[in-house]
């Protein structure tokens, strides 16, 4: 099997997946699952030292700002998602620095580029979501990894759902990165 990416098994990781499953559509949940696998596989293949639990929690929660119950009428979805993750991390007993980090990683995933030296988890999530949403840089993952990730978590309606979400975000928040 080409994909040797273990899922973090901490209480926080399990709870983040539970929160994502409870509030996300099946398409969005599969996107979150793929995002972690893409990110972790890339990190391992390129010898990037990253915090797997932090990356996993960020991947599971990164798009909650698109979900109606968490969507802010004024803040960009990545900022709203980062705030939700900060609150989640506080409930999980994470330190203030770690809460800030998970929020920062989520906000960074919408950047055009994130410096790997400064923010390895943000870098990995930005690359992974770029691949998953817009098909950016597929050559950075082997064909075997791409096939296995998509077999585990098929792309079930994500394109249509994201187009609708991003169009709504852009209409309501034209200054956001979705705009």
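Would you mind stating whether residue 37 is surrounded by fewer than 21 Cβ atoms within 10 Å (Cβ to Cβ) and within 12 Å of the chain's Cα centre (by Cα)?
Judged against the criteria, residue 37 is not a match.
Go through region 13-22 and report how many residues are in contact with a helix residue (DSSP H, G or I) (Cβ under 6 Å, 6 or more places away or on another chain) and touching a residue at least 40 places away in the same chain (Cβ under 8 Å).
Final tally of qualifying residues: 4.
Are there any helices (runs of 4 or more DSSP H) wholly within region 117-179 with 2 or more residues that are under 13 Å from residue 28 (Cα atoms), out of contact with any helix residue (DSSP H, G or I) (no Cβ under 7 Å at 6 or more places or on another chain) and at pLDDT below 75, and if so which?
In region 117-179, 158-172 are the helices (runs of 4 or more DSSP H) which contain 2 or more residues that are under 13 Å from residue 28 (Cα atoms), out of contact with any helix residue (DSSP H, G or I) (no Cβ under 7 Å at 6 or more places or on another chain) and at pLDDT below 75.
Using the structure shown, decide if residue 104 is in a helix (DSSP H, G or I), over 17 Å from the mean Cα position of the chain (by Cα), modelled with pLDDT of 95 or more and farther than 22 Å from residue 4 by Cα.
It is false that residue 104 is in a helix (DSSP H, G or I), over 17 Å from the mean Cα position of the chain (by Cα), modelled with pLDDT of 95 or more and farther than 22 Å from residue 4 by Cα.
Look at region 87-101 and say how many of its residues are free of Cβ contacts under 8 Å to residues at least 40 places away in the same chain, in a helix (DSSP H, G or I) and closer than 17 Å to residue 52 by Cα.
Total meeting the criteria: 3.
The values are calculated or read from the model by the stated rules, or taken from the named source; none is laboratory data. Note that this is a predicted model, so its numbers are computed, not measured. All Cβ positions, glycine included, derive from the backbone under ideal geometry; neighbour counts span all protein chains shown.
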